[in-house]
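Derivation of every value follows stated rules applied to the coordinates shown; laboratory data play no part. Because the structure is a prediction, the values reported are computed rather than measured. Neighbour counts are summed over all protein chains in view; Cβ atoms, including those assigned to glycine, are modelled from backbone coordinates with ideal geometry.
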Amino acid sequence: MKLMTNAIAICSFILPIFVNAETLQGAFKDHFLMGTIWHGYKLGNDSRNRHVAKEKEITATEFNAITPENCMKPMFVQPKEGVFTFAESDEMIDFAEANNLVVVGHTLVWKNQTPAWFFLDDKGGQVSREVLIERLKTHIRTVVSRYRGRIDYWDVVNEAVTVDRSQGKRNQTASYKSTPWLEIIGPEYIEIAYRTAHEADPSAKLLYNDYNLDTEVKLDFSLAMIADLKSRGVPIAGLGYQGHLFLTEPSLAAIERVLRKTKQANIPLHITELDVSVLPNAWKHRSASVEQRFKLAKKLNPYPDGVPQKILAEQAKRYSDVFSLFLQYSDNIERVTFWGVWDGNSWRDYRPMLGRTDYPLLIDRKFEKKPAYDAVINLVK
């Protein structure tokens with residue numbers, strides 16, 4: 001892991017910033033990494049991100065780890081076969097190195113945000129298993145080897161497990177998610193991905209990342225999958241738990257179960273996409289699926305002009321409760337990453353319902369620290 005000193009890259013020079021206990025990274029330096037994301041230059045609705053400089057400043061000051069929100073996903077890195085675009089990823093890596101940030105590459109293999117050409121032959125039909133395996137390997141080798149020695153962790157496979165709720169809550173079952181990767185290659189695509197990534201950069205730690213792991217059958221399936229792969233020498237170094245939370249869902253008991261069972265399985269845990277929505281849940285079942293989209297409904301967007309102090313207090317309490325659990329299990333948690341720098345640039349505003357106004361992070365839309373920020377940092381003062 002890289003040594004932690006801090007600096008902000010401004011134009012062509014570096015402005016040093018002293019890390020102290022009044023920042024998130026300083027407060028939690030003895031517990032786990034505190035990360036955020038590289039938003040890049042586009043918002044979720046594709047309008048220009050005018051706040052890149054401010055986001056960089058906050059990132060370099062408050063955090064010591066960074067994950068790209070979008071620019072390393074297959075649709076951005078290889079939009080056409082053999083045509084790789086690395087400009088924004090290169091810029092993120094340069095920024096991270098200038099500011100001594102641990103880098104998490106995200107993501108190499110996913111059902112979503114992967115161009116259709118991966119799965120099609122030259123006539124538009126389904127590609128053969130052999131060709132898709134070679135495309136998978138080529139993509140991973142090219143991307144991972146470019147940043148060999150410069151990326152500390154990779155989210156190699158993202159969201160490969162699903163839950164069938166059709167038989168009711170008591171009879172839920174988990175299985176591999178239906179994807180072109182699974183349908184064409186079979187579950188072996190997961191092993192192939194990890195082995196190929198490890199060959200391309202043996203020094204990088206490789207993670208499996210998923211949401212709703214607080215659903216017990218999904219957690220158990222994921223832990224069993226990792227255990228099986230590790231038993232056959234597949235180099236998986238940890239589990240990523242996407243912490244997309246609501247004010248009351250999931251329960252603290254369900255979150256604690258993820259932390260406890262992962263520790264019992266001796267699998268290092270990363271909290272990879274943390275935020276706490278203050279809005280009503282738009283999904284029938286609490287989710288973080290980007291595949292589902294719903295029409296904007298007023299009752300599901302109650303705070304378009306500002307969030308009440310009462311709700312901010314509830315959010316602060318929620319964050320405090322969750323981080324208290326993280327601290328209890330900090331000996332097995334390597335990183336906590338917020339899925340955003342500030343409320344003004346969050347995926348929650350456009351998924352699963354475009355046009356909502358959410359307030360899920362620790363820094364508000366005016367770049368001011370919220371009660372939730374104080375609640376979190378006060379736990380370790």
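Using a Gaussian network model of the chain with C-alpha springs under 10 Å, which one of 128, 89, 222 is most mobile by mean-square fluctuation?
128
What residue among 86, 297, 74 has its Cα farthest toward the positive end of the dipole of the chain, where the charges are +1 on Lys, Arg and -1 on Asp, Glu, each on the Cβ?
The listed residue farthest towards the positive side: 297.
So for the stretch 130-203, averaging the separation of alpha carbon pairs under 8 Å that are six or more residues apart and normalising by length, what relative contact order in percent results?
So the answer I get is 44 percent.
Given the pairs 261/295; 299/369; 299/370; 29/56, which span a C-alpha to C-alpha distance of over 29 angstrom in this model?
261/295
What is the sum of charges around residue 300, taking Lys and Arg as +1, Asp and Glu as -1, for the other residues whose C-beta is under 12 Å from the C-beta of residue 300?
Around residue 300, the surrounding residues sum to +4.
Pairs of alpha-carbon atoms within less than 8 angstrom and 6+ residues apart define the contacts here; what relative contact order does the stretch 7-380 have, in percent?
Averaging sequence separation for qualifying contacts and normalising by length gives 16 percent for the stretch 7-380.
If we count every other residue with Cβ under 15 angstrom of residue 174's Cβ, Lys/Arg +1 and Asp/Glu -1, where does the sum land?
Net local charge, residue 174 excluded: 0.
Would you give the gap between the C-alpha center of the stretch 184-249 and the C-alpha center of the stretch 113-163, rounded to a whole Å?
Comparing the Cα centres of the stretch 184-249 and the stretch 113-163, I get a distance of 15 Å.
Using just the helices of the chain, give the 222 nm mean residue ellipticity in deg cm²/dmol: DSSP H runs with n ≥ 4 each add -39,500 (n - 2.57), and the total is spread over all residues, rounded to 500.
So the helix-based figure for the chain works out to -10000 deg cm²/dmol.
How many nm separate the modelled label positions at residue 217 and residue 80, each set 7 Å beyond the Cα in the direction of the Cβ?
Simple spin-label model gives 4.5 nm for this pair.
Quick one: Kirkwood hydrodynamic radius for the chain, alpha-carbon pairs, angstrom, one decimal?
Kirkwood radius, the chain: 21.3 Å.
Can you list the residues, at least 5 places off or on another chain, whose amide H is less than 5 Å from the amide H of residue 353, using H built in the peptide plane?
294
Dipole size in debye (nearest 20) for the chain around its Cα centre, Lys and Arg Cβ +1, Asp and Glu Cβ -1?
About 780 debye.
Return the FRET efficiency for the residue pair residue 297, residue 172: r is the Cβ-Cβ distance, R0 is 30 Å, and the value is rounded to the nearest 0.05.
After rounding, the FRET efficiency stands at 0.65.
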